[in-house]
Amino acid sequence: MARTGHQEVLVMALFVVTRDSVLTCAKELGIPEEQITGGVMELVREKIGQVLGAWRDEVRIMVKDTIKQETTKCR
């Protein structure tokens, strides 16, 4: 599990902040879909990183730990 204590926020960010959710928010704000480019999505990811810190590192840790646990179960 996440070591920083941000687990719930991190999981929420992973499942909520998708391109579709960003497009939905943009629509609610009256921003045309065409303005939500790959660059905008990357900036959103960077902003999430500023809020959550090293969230990608936390995801890597979770993936590694999960695979390790599942591999151990299969033995």
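Report whether or not residue 22 is surrounded by 13 or more Cβ atoms within 10 Å (Cβ to Cβ), part of a helix (DSSP H, G or I), of a type in the set (Val, Ile, Thr) and modelled with pLDDT under 70. No. With respect to being modelled with pLDDT of 80 or more, surrounded by 11 or more Cβ atoms within 10 Å (Cβ to Cβ) and of a type in the set (D, E, K, R), residue 64 falls outside the description.
Scanning segment 47-75 for residues that are touching a residue at least 24 places away in the same chain (Cβ under 8 Å) and either in contact with a strand residue (DSSP E or B) (Cβ under 8 Å, 6 or more places away or on another chain) or not hydrophobic (A, V, I, L, M, F, W, C) (or both) returns 53, 58, 65. The single condition from (1) at pLDDT 80 or above; (2) exposed (fewer than 10 other Cβ atoms within 10 Å of the Cβ) that residue 8 fails is (1).
To keep it simple, each residue is scored yes or no on (1) over 25 Å from residue 20 (Cβ atoms); (2) not in a helix (DSSP H, G or I).
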residue	(1), (2)
30	no, yes
34	no, no
41	no, no
45	no, no
50	no, no
56	no, no
60	no, no
64	yes, no
73	yes, no
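Restricting the first member to segment 35-46 and to residues that are of a type outside the set (S, T, N, Q), and the second to residues that are surrounded by 10 or more Cβ atoms within 10 Å (Cβ to Cβ), the beta-carbon pairs closer than 7 Å and six or more apart or on different chains are 36/22; 36/23; 36/26; 41/19; 41/22; 44/17; 44/22.
The values are calculated or read from the model by the stated rules, or taken from the named source; none is laboratory data. This structure is a prediction, so every number in the text was calculated from the model and none was measured. Every residue, glycine as well, gets a Cβ built from its backbone with ideal geometry; the counts of neighbours run over all protein chains shown.
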